[in-house]
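One structure is given below, encoded as structure tokens.
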Amino acid sequence: MAKVTFVDHDGTKHEVEAPIGNNLMEIAVNNNIAGIDGDCGGMAACATCHVTVDPAWYAKTGARSEAEESMLTFLPEIAETARLGCQIEMTEELDGLVLHLPVEQF
Amino acid sequence: MTALKQTTLSDLPLSDIDPSVQTRFQTGEHFEVFDRLREEAPVYFHESTQYGPFWSISKYKDIIEVEAQPKIFSSDAAYGGIWIKEQPKDTIRKSFMTADPPEHDVQRKVVNPIVSPTNLHDMEKRVRDIVNLVLDDLPINEEIDWVERVSVEVTGRVLCALMDFPVEERLDLTTWSDIVNTDVDAGTEITDEYKKLEALAPMIKKFKEMFAERSAMPPQNDLISMLAHSQETASMEPQQFVGMLVLLMVGGNDTTRNSISGGLDALNKFPEEYKKLRENPELVDSMVPEIIRWVTPVAHMRRTAMQDIEFKGQQIKKGDKVIMWYCSGNRDEDVIEDPYTFKIDRKNPRQHVSFGFGIHRCLGNRMAEMQLRILWEEILKRGWVIETTGEPERRFSNFVVGIDSLKAIVRAA
């Protein structure tokens, strides 16, 4: 099975199995990754699954949707490679993906 | 009143029920109304209520769907804003809460830094100092009003810190916040929006003075200074910056205050949960969002349909008033297991609609959680048990779930 790694803001790594077709918010929530809440259930309406994609992987995760873009701009601080986990669907191509968890999502 | 007692709510057809009746929010009977709406007609058009016709959105997921489409469901004051009761146009104070994009985005971004991780981190110690100051002042084994002594004190002092407002005048913030949220049908002397504005004259004067003062000073890290020095907001009309400050004052005051009070009430009504908390203080983290779900400090928000739209099989017409009942979404069994039980160790406790969703989602949600968390951390550290000695006195309102008084006794370990 494909894998993704979530990296805490203190550098701790969590490598988890990532079923193809699930979105990254679901994968995080199903693996109890602290800091990813997914409150709105995946509708790009809460930004509680905000992640920073490792720059090496960013292009492969696709483009931000309009709703996603507007939710991201209301976060106090975001990186250039910020995404909402719920808007990234896991694919074969993303096997090995590395996502960093922002500091505010304690 | 007698008629109401003879005919129970469950006997009435939905078309005869006005879900906005304020007294039911005081007794808790509103939950019965919303249970029926979710079950029988989750998207329902009430033809006749005290506010005229409106749609009720009562299911968790439908609320999110409405919030996720701000272009269709507008918050703009020009169409009715976020208020269930129509407001006279000349009394409206506009803010980003009652604006749609792009205006909304520009204004909201100005105050965003106040809740940045860096600022939240800096606030943590200040909030802890405030909480300790308030708790140190409480008598043991003596009946107190928890609202007055704790909820008002903690939130008022934190708000002073956020605004750099004189702390000795903190009760003014509470008073003004309460006036803003007064239901004009509650039977107080504030019987309409014009009276409300009159009563708020001292606030408007004070905020204008502070705005001018901060404009003349170098920028500092408080909300008023941020507004006074930001390119986007520095040149705002007085009515606009007062609107912004009112939003930040009410948002940062009433809601958290009522969550502090409602949380204590919940712990006393579910003593097993309170015991669990005392034995496992680390459960504060999951208890805090559960308190916010349980209390649902803001019961609803209004939107206005900007076009005809079919929504969940119903035909919503352009111009229709749409009410999202957060108090109902937070009791939706399809999403929240056993929703009428207060459980401090839920698996996904942040799954609630109390903060709303989408672009208008509560700006201060982490600040609110922080205040509640630190308060309970410090109470537990002291080994105190806070016993309520009566029922909370609930406010006449279908908007702010307000607790005006809650008697309690602090028992030391």
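Taking only pairs six or more apart or across chains, which ones have beta-carbon atoms under 7 Å, a first residue in region B:343-354 that is more than 9 Å from chain A (Cβ to nearest Cβ), and a second residue that is crowded, with 20+ Cβ neighbours inside 10 Å and assigned to a loop (DSSP other than H, G, I, E, B)?
From residues that are more than 9 Å from chain A (Cβ to nearest Cβ), the pairs are B:Ser354/B:Thr296; B:Ser354/B:Pro297; B:Ser354/B:Asn330.
Within region B:74-98, count every residue that is in contact with a helix residue (DSSP H, G or I) (Cβ under 7 Å, 6 or more places away or on another chain) and in a loop (DSSP other than H, G, I, E, B).
Narrowing region B:74-98 to residues in contact with a helix residue (DSSP H, G or I) (Cβ under 7 Å, 6 or more places away or on another chain): B:75-77, B:81-82, B:87-88, B:91-98.
Retained after the next criterion (residues that are in a loop (DSSP other than H, G, I, E, B)): B:75-76, B:81-82, B:87-88, B:92-95.
Summing the residues that are in contact with a helix residue (DSSP H, G or I) (Cβ under 7 Å, 6 or more places away or on another chain) and in a loop (DSSP other than H, G, I, E, B) in region B:74-98 gives 10.
Which one is nearest to B:Leu248 (Cα to Cα), of the residues in region B:207-233 that are crowded, with 19+ Cβ neighbours inside 10 Å and without any contact (Cβ under 8 Å) to a residue 60 or more places away in the chain?
Ranking the candidates gives B:Phe207 first.
The rows are residues; the columns are (1) of a type in the set (Lys, Arg); (2) within 14 Å of chain A (Cβ to nearest Cβ); (3) without any contact (Cβ under 8 Å) to a residue 40 or more places away in the chain.
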| site | (1), (2), (3) |
| --- | --- |
| B:Gln26 | no, no, no |
| B:Leu37 | no, no, no |
| B:Tyr51 | no, no, no |
| B:Val66 | no, yes, no |
| B:Gly80 | no, no, no |
| B:Lys89 | yes, no, yes |
| B:Asp105 | no, yes, no |
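Filter region B:380-396 down to residues that are under 30 Å from B:Ser20 (Cβ atoms) and assigned to a loop (DSSP other than H, G, I, E, B), then give me how many there are. If you could, list the steps in order and put the result at the bottom.
Going residue by residue through region B:380-396, those that are under 30 Å from B:Ser20 (Cβ atoms) are B:388, B:390-396.
Among the residues that remain, those that are also assigned to a loop (DSSP other than H, G, I, E, B) are: B:390-392, B:395-396.
Residues that pass the stated criteria total 5.
Determine whether region B:315-336 contains at least one residue that is over 15 Å from B:Tyr44 (Cβ atoms), touching a helix residue (DSSP H, G or I) at 6+ places or on another chain (Cβ under 8 Å) and of a type in the set (Val, Ile, Thr).
Yes, region B:315-336 contains at least one residue that is over 15 Å from B:Tyr44 (Cβ atoms), touching a helix residue (DSSP H, G or I) at 6+ places or on another chain (Cβ under 8 Å) and of a type in the set (Val, Ile, Thr).
Taking into account only those residues within region B:129-143 that are part of a helix (DSSP H, G or I) and surrounded by fewer than 16 Cβ atoms within 10 Å (Cβ to Cβ), which is farthest from the other protein chains (Cβ to nearest Cβ)? I'd like the intermediate steps shown before the answer.
Quick first cut of region B:129-143, residues part of a helix (DSSP H, G or I) only: B:129-136.
Still in the running and surrounded by fewer than 16 Cβ atoms within 10 Å (Cβ to Cβ): B:129, B:132-133, B:136.
On the way: B:Asp129: 20, B:Asn132: 21, B:Leu133: 25, B:Asp136: 27 Å.
Only one residue fits best here, namely B:Asp136.
Would you please name the residue that is surrounded by the most Cβ atoms within 10 Å (Cβ to Cβ), looking only at residues in region A:34-58 that are within 14 Å of chain B (Cβ to nearest Cβ) and assigned to a strand (DSSP E or B)? Explain how you work it out, then say what you get.
Kept after step one, since they are within 14 Å of chain B (Cβ to nearest Cβ), are these residues of region A:34-58: A:34-50, A:52.
Going one step further and asking which of them are assigned to a strand (DSSP E or B), we end up with A:50, A:52.
Numbers: A:His50: 25, A:Thr52: 19.
Looking at the filtered set, the residue picked out is A:His50.
I'm trying to understand the selection: among the residues of region B:248-288, which are under 25 Å from B:Met301 (Cα atoms) and either touching a Lys or Arg at 6+ places or on another chain (Cβ under 8 Å) or not in a helix (DSSP H, G or I) (or both)?
B:Gly252, B:Asn253, B:Val288
If you go through region A:17-33 one residue at a time, how many are at the interface with chain B (Cβ under 10 Å from one of its Cβ atoms) and part of a loop (DSSP other than H, G, I, E, B)?
1
With B:Arg366, B:Arg373 as the choices, which residue is charged (D, E, K, R) and modelled with pLDDT of 95 or more?
Working: B:Arg366 fails: modelled with pLDDT of 95 or more.
The unique qualifying residue is B:Arg373.
Being acidic (Asp, Glu) and over 23 Å from the mean Cα position of the chain (by Cα) is true for just one of B:Asp129, B:Asp35, B:Asp145, B:Asp76. Which residue is that? Spell out the reasoning first.
Details: B:Asp35 fails: over 23 Å from the mean Cα position of the chain (by Cα); B:Asp145 fails: over 23 Å from the mean Cα position of the chain (by Cα); B:Asp76 fails: over 23 Å from the mean Cα position of the chain (by Cα).
Sole residue among the options that is acidic (Asp, Glu) and over 23 Å from the mean Cα position of the chain (by Cα): B:Asp129.
The values are calculated or read from the model by the stated rules, or taken from the named source; none is laboratory data. The model shown is predicted, which means the values in this text are computed figures rather than measured ones. Positions of Cβ are generated from backbone atoms using ideal geometry, with glycine treated the same way; all protein chains shown enter the neighbour counts.
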